[in-house]
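The values are calculated or read from the model by the stated rules, or taken from the named source; none is laboratory data. Computed from a predicted model, the values in this text were never measured in an experiment. All Cβ positions, even for glycine, are placed from backbone atoms using ideal geometry, and neighbour counts span all protein chains on display.
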Amino acid sequence: MGKKMRLNSSLRSYLLWPIYLTVLLLSMNLVIYVIDKQAGYVMSGFVAVYFLLSLVIFYYKWHNIATELVRYAMDFAQVQKRLLKEMAIPYALLDVDGKLQWGNNEFIDLLQGKKVIGRSISSIFPGLTPESLPKAGADEMAHITLNNRNYKVVLRKIISPNFDEDANWSFYESENAWDTNNALIAMFLFDETEIIALQKENKDQKLIVGLLYIDNYDEALDSIDEVRRSLLTALVDRKINKYMQGIDAVIKKLEKDKFIFVFQHRYLSVLQSTKFSLLEEVRNVNIGNEMAVTISIGLGVNADSYITGYEYARAAIDLALGRGGDQAVVKDRDKISYYGGKSIQVEKSTRVKARVKAHAFREFVEGKDKIVVMGHALGDVDSFGAAIGVYRIGKTFNKKVHIVINEITSSLRPMISRFVGNPDYEEDLFLNNEQVKEVFDVNTLLVIVDVNRPSLLECEELLDYARTVIIFDHHRQTNEGIENAALSYIEPFASSTCEMIAEILQYTGGNLKLRPMEADALYAGIMIDTNNFLTKSGVRTFEAAAYLRRNGADVTRLRKFFRSDITEFKIKADAISSTEVYLDYYAIAVCASDEVDSPTIIAAQVANELLNIADMKASFVLSEFNNKIYISARSIDEVNVQLVMERLGGGGHLSVAGSQLEGCTIEEAVAMLKETLDTMVKEGDI
């Protein structure tokens, strides 16, 4: 009403201008009287006639003008209503509760004649919930599918005041107006079917860069007579090229055992659904070769440029090789997916890589003043033995060396007791977290052994202090890695980190000589990790053991060190007697942790013992320590327990793996393990 009144006042003012101009004419008339009275009389007559005519016209035409304005307004309202009703975009009005009040023709046509007025919009479009409705002035957007077409929904809150004389217009211009029941919600539907189809087509046609490496090219050729080597190579190449033709890929051989290929994104889902069947096809190529040929594949997906995509592929193939090969790794920005990896990696017979790494490591050692060696939390014999080997390298070049150890487990205590208090070794050789932070400086070399995941380190904070980081490890890599390492030597086929360090020692030079107790520590690490040379023992494992024996390692002395006391022996017996055989092939046991210092070590020993049971493909032993549930997983060659443990947040090797669970009980952890086994058996992953 107020707006109508303001409009009426403006119109009256506009029409009364001729009358207001009479004042100006009278002023002119007075001036003319001063100049000439006769002319003034004549002017007065004309002004009087002008004023009378203006009054007559205003009073007689005002009704006609008002009538025309009303007719125009009505016509405009009809046009506006017709435009809304026949607007090409589906449009509707809802009340503040989301109930449909009105819809134009396009909106009604979308609903195919259904009676929907008064119904909640969430019952009409299930994709629109009450939470989707706008709560303030900002628009809300949602996406729905209707009649096999995709729509973007824009919801906008508008104000609809009561048009009466008592309406408080200032209220509807304030922020509180959004809370009134007089508000309405306008809903627009924009058809985006074609846009989505074009986006999908654009994504499907985007090219993915991939790298394919033959893991054991030379070793496989050496396992077959020379006459058939060319045939084996041709068969493998044919399998690879035929597979690439199936996904319309362009493939180019870079070297004798390396390929680069490019294919459209649309085929990625096909590769993932078949779990990269090329891995199995190449592995099954057999023309008398004793060693199966395996390949590794790395893909870079959803990169911003082809250069970035190639870098993703490089990172993926490095991760595949670092995890043992015979698998495909897909790197989708920060997300990484693994496929395959079920076979045991073949040991490399050449020591070229070990020699190169040893020479590079020597240069880093010579360039620093101090060395800090760190393993994983709850260090075991392998990490301790490797640390002692690095200590000897540092002392050979007259460097100060510290080893980070926070908690000494029962399995480690017999070995470390030989070094603590020994006059041949410094008192500050072993430091805890707080002590090592005080001695760490910019000229300190950080060497990490037997672990490649930051979250498992004894002191993760040292990564922030160190400028130079060296990694020696034999565990397969995961998504979580230590970044910017100056030297990374990770060999999953190695039996233990002690085996790797033993090889490094032989190529370091500098007249290095191990002491017998240091050789014992390295030999013990190999012995424990190979379960007395029963698992993962290759030619290089025994060569490393022979080197350590020549340096004074005593097997009889070590056997006495690692004998169990009667309490631990009974706990192992109880765990074995209560073992549950799950799905006919998987042994699951729980190891008590009340009376021992290192239940995780005993759990690992129990897991090894359970593999001696006939038909057991894998064993899983759970123990509780420091409010965490530890799972030790073991297998011989039929199941990749690393894949099982990765599902539970852990990792390891094909035959030796583990995981740590927090915030759950032993019973809940067993249930999670069983559920994981059920899923993986159903999916064919194990």
**Item:** Any hit, the range 283-303, residues being at pLDDT 90 or above, exposed (fewer than 15 other Cβ atoms within 10 Å of the Cβ) and of a type in the set (A, V, I, L, M, F, W, C)
**Value:** no
**Prompt:** Does residue 385 meet the test of being buried (at least 16 other Cβ atoms within 10 Å of the Cβ), out of contact with any Pro (no Cβ under 6 Å at 6 or more places or on another chain) and not aliphatic (A, V, I, L, M)?
**Reply:** yes
**Fill in**
Only one of (1) out of contact with any helix residue (DSSP H, G or I) (no Cβ under 6 Å at 6 or more places or on another chain); (2) modelled with pLDDT of 80 or more; (3) crowded, with 16+ Cβ neighbours inside 10 Å does not apply to residue 134, and that is (2)
**Request:** Keeping to the range 22-32, report how many residues are free of Cβ contacts under 8 Å to residues at least 24 places away in the same chain and either touching a Ser or Thr at 6+ places or on another chain (Cβ under 8 Å) or among the acidic types (Asp, Glu) (or both).
**Result:** 1
**Item:** Odd one out for residue 424, checked against (1) touching a residue at least 12 places away in the same chain (Cβ under 8 Å); (2) in contact with a strand residue (DSSP E or B) (Cβ under 8 Å, 6 or more places away or on another chain); (3) not in a strand (DSSP E or B)
**Value:** (2)
**Request:** Considering each residue of the range 655-683, count those that are more than 23 Å from the chain's Cα centre (by Cα) and closer than 14 Å to residue 338 by Cβ, and give that number.
**Result:** 0
**Message:** Quick check on residue 403: is it within 36 Å of the chain's Cα centre (by Cα), part of a loop (DSSP other than H, G, I, E, B) and of a type in the set (A, V, I, L, M, F, W, C)?
**Reply:** no
**Complete:** With the first residue restricted to the range 509-538 and required to be more than 19 Å from residue 556 (Cα to Cα), and the second required to be polar (S, T, N, Q) and at pLDDT below 90, Cβ contacts under 6 Å at 6 or more apart or on different chains are 535/655; 536/495; 536/530; 537/495; 537/530
**Asked** Across the range 471-508, what is the number of residues that are in contact with a strand residue (DSSP E or B) (Cβ under 6 Å, 6 or more places away or on another chain), crowded, with 23+ Cβ neighbours inside 10 Å and free of Cβ contacts under 8 Å to residues at least 60 places away in the same chain?
**Response** 1
**Request:** For residue 253, work out the one condition from (1) part of a helix (DSSP H, G or I); (2) free of Cβ contacts under 8 Å to residues at least 40 places away in the same chain; (3) over 28 Å from residue 479 (Cβ atoms); (4) not aromatic (Phe, Trp, Tyr) it doesn't fulfil.
**Result:** (1)
**Asked** Which of (1) outside any loop (DSSP other than H, G, I, E, B); (2) under 21 Å from residue 656 (Cβ atoms); (3) not hydroxyl-bearing (Ser, Thr, Tyr) is the odd one out, the single condition residue 549 does not satisfy?
**Response** (2)
**Asked** If you scan the range 110-147, which residues turn out to be more than 39 Å from the chain's Cα centre (by Cα) and outside any loop (DSSP other than H, G, I, E, B)?
**Response** 110
**Residues that are part of a helix (DSSP H, G or I) and not small (Gly, Ala, Ser), drawn from the range 494-515** = 497, 498, 499, 500, 501, 503, 504, 505, 506, 507, 508
**Request:** Go through (1) surrounded by fewer than 24 Cβ atoms within 10 Å (Cβ to Cβ); (2) touching a Pro at 6+ places or on another chain (Cβ under 8 Å) and name the single condition residue 516 misses.
**Result:** (2)
**Candidate set: the range 87-109, residues that are part of a loop (DSSP other than H, G, I, E, B) and without any contact (Cβ under 8 Å) to a residue 40 or more places away in the chain; chosen: the one surrounded by the fewest Cβ atoms within 10 Å (Cβ to Cβ)** = 88
**Message:** So, residue 400, is that one surrounded by fewer than 20 Cβ atoms within 10 Å (Cβ to Cβ) and at pLDDT 85 or above or not?
**Reply:** yes
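Conditions tested, residue by residue: (1) modelled with pLDDT of 80 or more; (2) within 29 Å of residue 541 (Cβ to Cβ); (3) touching a strand residue (DSSP E or B) at 6+ places or on another chain (Cβ under 7 Å); (4) in the same structural domain as residue 216 (by TED's automatic domain parsing).
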residue	(1), (2), (3), (4)
306	yes, no, yes, yes
312	yes, no, yes, yes
315	yes, no, yes, yes
320	yes, yes, yes, yes
329	yes, yes, yes, yes
333	yes, no, no, yes
